[in-house]
Amino acid sequence: MEFFLLGLTLWLFVIVSLIFMVKGFQKKSHPMVFISIVGYLVPMAIFSMYEQYFIVFAPLAIIPFVAAFQMKR
């Protein structure tokens, strides 16, 4: 049961961070995008320790990070 709750919590972090990312790009808000990136990387780091194919998804956070810098210029 504890693994189920851990997985549910971590996937909730991923979903909420993606929602924050969409809202951040809509409002053109740097802090909201950076919070979403951190919220996305923490579960991906934990998932990649258990399943190696999640390492592929972790670099996807670099794309919004670069886009956030390009957004205000």
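The values are calculated or read from the model by the stated rules, or taken from the named source; none is laboratory data. Since the structure is predicted, the reported quantities are computational estimates derived from the model, not experimental observations. Methodologically, a virtual Cβ is constructed for each residue, glycine included, from the backbone with ideal geometry; neighbour enumeration extends over all protein chains shown. When the accessible area is computed, the model is the full protein with side chains, heavy atoms only, and any ligands, DNA or RNA have been set aside. Shrake-Rupley method; radii C 1.70, N 1.55, O 1.52, S 1.80 Å.
In table form, for the structure just shown:
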read-out: Conditions (1) open to solvent by 80 Å² or more (accessible area, probe 1.4 Å); (2) under 21 Å from Gln70 (Cβ atoms): number failed by Leu41; value: (1)
read-out: Selection from region 20-37 of residues that are without any contact (Cβ under 8 Å) to a residue 24 or more places away in the chain, surrounded by 12 or more Cβ atoms within 10 Å (Cβ to Cβ) and of a type outside the set (S, T, N, Q); value: Phe20, Val22, Lys23, Met32, Ile35
read-out: Residues of region 12-44 that turn out to be part of a helix (DSSP H, G or I) and either more than 10 Å from the chain's Cα centre (by Cα) or acidic (Asp, Glu) (or both), as a count; value: 10
read-out: Candidates Ile55, Ile46 - the one that is more than 21 Å from Phe69 (Cβ to Cβ), open to solvent by 80 Å² or more (accessible area, probe 1.4 Å) and β-branched (Val, Ile, Thr); value: Ile55
read-out: Filtered residues of region 58-68 (kept if open to solvent by 50 Å² or more (accessible area, probe 1.4 Å) and under 9 Å from the mean Cα position of the chain (by Cα)); value: Leu60
read-out: From Phe54, Phe69, residue being in contact with a Phe, Trp or Tyr (Cβ under 6 Å, 6 or more places away or on another chain) and modelled with pLDDT under 80; value: Phe54
read-out: Lone unmet requirement of (1) touching a Gly at 6+ places or on another chain (Cβ under 6 Å); (2) open to solvent by less than 50 Å² (accessible area, probe 1.4 Å); (3) of a type in the set (Phe, Trp, Tyr) for Phe13; value: (2)
